[in-house]
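Below: the structure, in structure tokens.
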There are 2 protein chains.
Amino acid sequence: MSLTDSSMEAIRTMLYPEGVAVVGSVSPGKLGEVISHRLLGAGYQNVYNVNPKAAGVDGKAGFRMVSEIPDPVDLCIFVCPAATVPDMVRDAGRKGVKSAVVISSGFSEAGHPELEQELQKAAAESGIRYVGPNCAGILNTACGLIATLEVAPRPGRVSLLSQSGAFGGTFMDAANAAGMGMGKFLSYGNGSDLNDTALLEYLSRDPDTDVICMYLENVKGGRRFMKALTEAVSRKPVLVIKSGRTENGARAAQSHTGAMAGSDRVYDAVFSRCGAVRAETFEEMIDLAKGLAASVHAVRLGRRVGILTNSGGPGVLTSDRCSDLGLEVPMPEKQLKEDLSSILPSFAGLANPIDVTVEGTPALYQQCLERMLDDYDAAIVIYVGTPYLKALPYAEAVVAARQSRNKPVAVYFAVGSDIEEAKAYLGAHDVPCYPSGERAASGISAALSRTGAAPAAAAGNAAEAFVPFPYEKGHGALLEPEAMGVLDSLGIGTPKHLVAHSPEEAAAAAESIGFPVCMKIVSRDILHKSDVGGVRLGVASREQAEQTFRELEKVCAGKDFSGVILYPMLKKGTEVILGMIRDATFGPVCLFGLGGIFTEILKDVGMMPAPLDKADADRLIRSIRTLPLLTGARGGAACDLESLADMIAKLSNLMDRYPEIREVDLNPVICYPDGALVADARMILGS
Amino acid sequence: MSLTDSSMEAIRTMLYPEGVAVVGSVSPGKLGEVISHRLLGAGYQNVYNVNPKAAGVDGKAGFRMVSEIPDPVDLCIFVCPAATVPDMVRDAGRKGVKSAVVISSGFSEAGHPELEQELQKAAAESGIRYVGPNCAGILNTACGLIATLEVAPRPGRVSLLSQSGAFGGTFMDAANAAGMGMGKFLSYGNGSDLNDTALLEYLSRDPDTDVICMYLENVKGGRRFMKALTEAVSRKPVLVIKSGRTENGARAAQSHTGAMAGSDRVYDAVFSRCGAVRAETFEEMIDLAKGLAASVHAVRLGRRVGILTNSGGPGVLTSDRCSDLGLEVPMPEKQLKEDLSSILPSFAGLANPIDVTVEGTPALYQQCLERMLDDYDAAIVIYVGTPYLKALPYAEAVVAARQSRNKPVAVYFAVGSDIEEAKAYLGAHDVPCYPSGERAASGISAALSRTGAAPAAAAGNAAEAFVPFPYEKGHGALLEPEAMGVLDSLGIGTPKHLVAHSPEEAAAAAESIGFPVCMKIVSRDILHKSDVGGVRLGVASREQAEQTFRELEKVCAGKDFSGVILYPMLKKGTEVILGMIRDATFGPVCLFGLGGIFTEILKDVGMMPAPLDKADADRLIRSIRTLPLLTGARGGAACDLESLADMIAKLSNLMDRYPEIREVDLNPVICYPDGALVADARMILGS
């Protein structure tokens, strides 16, 4: 059994336990008392209390140790003081317990890493897998397991994985208010055993979970997490909130978890690469999750949305929002228009939105919606009632149409003497209700986002034979000829380049390259060659090459002089920058952009975690706003994007192959209609 | 008494009427019946029903005509068939009624403009001012006037002006759910008498309204509306939703109102110029309005926000959102940190957010919040409780601190056995509650946005003497020398320019300008001169000038040839574009941007309605993303922005002075460190 299989088994046991021991005080108001009563109240019979006084709740017997419990115990919930947890874990191990939830705090988050290490050791030696410590517990609505202090949601098939316990509470509270049911809630606090990656792997295989929501403050083991996320997305939609987006937020996140948040733009690139959808607020996440959960079994084809309304203003706002979200709101085609006009009274609006006006009856809603769903891929239905009329008949009409056509429908229902009843009826029949037409548009957009095939898995690190790093360690940066040599070894297009160590060699090299040439100093001490006059262009003869060599040597007087590198003069083309950085969390990341003002002032840079295949590289190239400058806008020549993509894909392997390299900057790369050449290269080595 | 005074008086009468006549059927479920009962239910005694059957409600007497009512009537509400409205209006006029609400539909929106004209005529002749027809009525919570079918809100000091009736219903429904009280609701439907501008003028002077919310689909009389909006913003905050932002939305808006929506970017420029805040959804508008309404009497100084929380995750997300909104979330200063650490237990987080953790008591919340408000300009308080504990003591603590310091406070309170009671208590004491910390941040941002002085009023159209248009009508476009002449007359910097009609004149002109010169053809038939070889650069001698003239004349063979214009060769500088368009709704609008890719591909263009003074023009210049290219980024020379602003301000008067001009394009204008010159100018005349 692999390590992964063992964690999967432990998490399953944790979420569907037969016997549960609650380790901690059961005095009124104490966590042990509250959790025991929540478990018992939700129907769990086999709840055992463990504490020094051997006190039970509701007159039941208690125990001093887990090992004293005569019946089987699958899960221990620790709410006892931190210092006592390791010993109690060992005792539970002796009893044969396999899983634990450590809610107790007072470990590394409170300045006691040694206690957390002791817990890890005790659990490992006892064969116990756990979430926590310092977590908010877990919850599984499918079996009434409420091992948390947070609000319990209604049963459903959306599950939440949260680094922050309080976030879980607020999310489930809002889910209740939004009428969204939930399956599992898993919080992991310090995450010193089972963490984001393991729990995500479990939820991605959990048959009772249709949609996964995650709240992250930071990620450890970025590459393994990416793999788990990519696999999860291939099975079901994953929505993510990553907090600490901004400098303020990141600071707040640090003080909360004591862990450095990775660069937010890298997180963006990772989520996008893995196909996870990033939400900014929990309301947005709930909107999207509702839309996805309600459409799991619906037919989803394209992004053409019909809007059915009985009021103009909200219809217009919804239409605006659909455009923002990239949904199409096309006018009805001829046949649809004819059919609708035979159903609807003359004053109805036959555009899209279809406006049945205040005269719209439930029967009209149903007929129109059914006919619209024949043509459109999904529908948003808006019903704005009056305080003295019933909304339920309209809800029934919408549900009937939704069921007869089985395409995604989301609604905004407002005002009515029975509006809550109507909304509950809709929600219970796979028609998610939203507090506005605009938010219904978000839900539909999410539902339709899963129409295509699941995104391709990120290319694994090719198991290439390890090529030893060719240059001695301790270099701050590779010299330009060394960097060019590394690029050559990757098969990346560099211009012909030769290094000369004497005037004569320079003349010979220049002749072999062909005049005119460009000459640059090679020196470990000089990083910015142009600034010191170390770059000479248009050297046109043997004599000039010799003379230039001598001058360049003088520039290096008193500094390292490792010769001169010679190139042909390159034709003018479009300049771009390729780069790579090594992110502390996710490892190598590729960057691409046009240079100069586009990068520095307009911040128009694309990012994608490495490695990339050519298709990925093409997506990276096409992600920048200034792409038209590469595709022939304003009469310019179109660049050879295929060669460029090939170069990026080859470069993307560099950092996995050479762990010594910390940063790469090919600036500029010159793109032509028939190829691309690296005109300058910097490679910085790790500290 | 001016026209404006008379509308103000009529609107006041309409909103605070003594006697109200409801003209229309009172059969059960009919509008007349429903509205009469709503009026009576809200405490209005003097409600009179008028209909052909002379039927009243609840056994009260009814009347056949308004003129038969023996008691005074201030307001008539028309819900009778459209065709009968004009006659009934005349009858009401005979009775001396001054104001009316025409809810009845069936006028121009239904293809009967003649009926609407008849209504206008009848009202004008009878001295009656009205809102409608085809509107959703009006409402004034201050006196229980519920002359609408829409949901009635709780009393408050936020008023809504809405072109769409249904929007009003959804907004008031959401306001109730959000715990926001409202003052007045005014809908105006077709707006054929009192419209957006008149009603806005009223609300801006209404002492019972602290915050104005508007929903617009389109605006008529854009310039007068802008004036009213600017004045309103100088008195109180104005929030606007303009629907039809996108192509889909605009199409939906058209089909709804039959009116063409103006270009959305112009609306953006207008709202920004007038100082109104644009919201995208009614939830956003309610969030902002709540924040503003609760802080009317609070001390508002800067944008430094303290966040007090008992849970990490929501605190981080709120901090992120504050950054997005441009709020500062600075760390506590030394003294504050010391004071807080003497109040708080050791495990509390002393950054910002201040995290009192789950151990935070009401007393701790109050002490911390008071001390934080001494240092910060406002606070966001987050309280995430547990389902079995009371939240009210925390609400009381927050209110006490808010009152003792009188600075804006917004809260996110979630979970508690008495959570609704706690939220109601907070809302009733000027502490607005939001469904998340992020949305509380929006509310605080709105509250703090009113700290500065009210924005300066838009410069009025200078009452200059009218300068007759110097060129004959019927031109499609001015010739380049004509356009340059117009610019000269405005005092805008053009390079020296001379027109030659013969080779000899060309040689003389070139000599007078100084070699080398640039020569361009002048022809009514050729718009794009470069495309036909009609532009010659670097003409260096008399002979070359003569020869070039002859060649350019040949280029025009068979077409109009009005000579050749000569300029000096201009020094290289930074090229920008100045333009003006005449918007159908708001009149002349100035555009500014860098040319080429920045305008065409990156769409980086600023807009501002004309006229502009120099300070306005400076703001326009500084509104583009590529501004650093003008201020010396990347070692370039900084441009003379003052000269540029002066040029824009002078240009901005052009279209008011010459109504014949439809479009102006100065492209490029070349900016130097010491001035700016127009290098090419196109002026298109109106159709």
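Just a few scattered comments:
- Within the same chain, aspartates and glutamates fewer than 8 places from A:K236 are excluded, and of the rest, those with a Cα less than 14 Å from its Cα are A:E201, A:D206, A:D208, A:D210.
- Folded to 0 to 90 degrees: helix A:503-513 orientation relative to chain A principal axis, Cα: 60 degrees
- When the convex hull of its Cα atoms is viewed from all sides, the range B:1-139 shows a mean projected area of 7.9 nm².
- Each part reduced to its alpha carbon centroid, the range B:334-399 and the range A:355-426 end up 45 Å apart.
- Every Cα-Cα pair in the range B:21-70 was counted, and those over 13 Å apart are 47% of them.
- Of all aspartates and glutamates in the structure, the ones whose alpha carbon falls short of 15 Å from that of B:K53, not counting any fewer than 8 places away in one chain, are B:E33, B:E68.
- Ranked list, fewest to most other Cβ atoms within 10 Å of each Cβ, for A:M14, B:M226: B:M226, A:M14
- All-pairs Cα distance distribution in the range A:547-643, expressed in whole percent, bin size 5 Å: 3, 10, 16, 16, 13, 11, 11, 11, 8, 1
- Applying the Karplus relation 6.51 cos²θ - 1.76 cosθ + 1.60 with θ = phi - 60° to the range B:400-407 yields 3J(HN,Hα) values of 4, 5, 4, 6, 6, 10, 6, 10 Hz, where x marks Gly and Pro.
- Here the contact order of chain A, divided by its residue count and restricted to Cα pairs under 8 Å and six or more residues apart, works out to 8 percent.
- Overall, chain B carries a charge dipole of about 500 debye about its Cα centre when +1 sits on the Cβ of Lys and Arg and -1 on the Cβ of Asp and Glu, all other atoms neutral.
- Panel note: the C-alpha atoms of the range B:501-543, placed on their principal axes, show extents of 28, 19, 15 Å (largest first).
- Approximate spin-label separation A:D87-B:S341, in nm, with each point projected 7 Å along Cα-to-Cβ: 3.4 nm
- Entries in A:K98/A:K227; B:K520/B:K572; B:K30/B:K95 that, when Cα-Cα distance is taken, lie over 21 Å: A:K98/A:K227; B:K30/B:K95
- Amide H contacts of B:Y388 (H built 1.01 Å from N, in plane; Pro and chain starts excluded): no residue 5 or more places away or on another chain comes under 5 Å.
- For A:167-178, mean number of other protein chain Cβ atoms within 10 Å: 4
- With contacts taken as Cα pairs under 8 Å at a separation of at least 6 residues, the range B:134-195 carries a relative contact order of 42 percent.
- Extension gain for A:D58 to A:A540 (0.36 nm times residue separation, less C-alpha to C-alpha distance): 163.8 nm.
- Tilt relative to chain B, helix B:31-41 - C-alpha long axis, 0 to 90 degrees, to 10: 60 degrees
- Estimated from helical segments only, the mean residue ellipticity of the protein assembly as shown at 222 nm is -11500 deg cm²/dmol, where each DSSP H run of four or more residues counts as -39500 (n - 2.57).
- Projected onto its three principal axes, the C-alpha set of the range B:57-148 covers 37, 28, 24 Å, listed from the longest axis down.
- Amide H contacts for A:G632 (H built 1.01 Å from N in the peptide plane; partners 5 or more residues away or on another chain; cut-off under 5 Å): A:C639.
- Column: log10 I(q)/I(0), Debye, Cα scatterers of chain A, q = 0.08 Å⁻¹: -0.78
- Shape of the protein assembly as shown, Cα gyration tensor, a/c cut at 1.5: oblate
- Value in Å of the Kirkwood radius, where the range A:343-418 supplies the Cα pairs that are averaged: 12.6 Å
- Amide H to amide H, with H built 1.01 Å from N, B:L145 comes under 5 Å of B:N140, counting only residues 5 or more places away or on other chains.
- DSSP finds beta bridges in chain A, and of those with both partners inside it, around 50 percent are antiparallel.
- Against chain A, whose longest principal axis comes from its Cα atoms, helix A:334-343 is set at around 20 degrees.
- Judged by a Cβ-Cβ distance under 4.7 Å, the unpaired cysteines of chain A are A:C76, A:C80, A:C135, A:C143, A:C213, A:C274, A:C322, A:C368, A:C433, A:C518, A:C556, A:C590.
Every number in this text was worked out from the coordinates using simple rules, so none of it is lab data. The structure presented is a predicted model; accordingly, all values stated were derived computationally and were not measured. Using ideal geometry, Cβ is built from the backbone for each residue, glycine included, and neighbour counts are taken over all protein chains shown.
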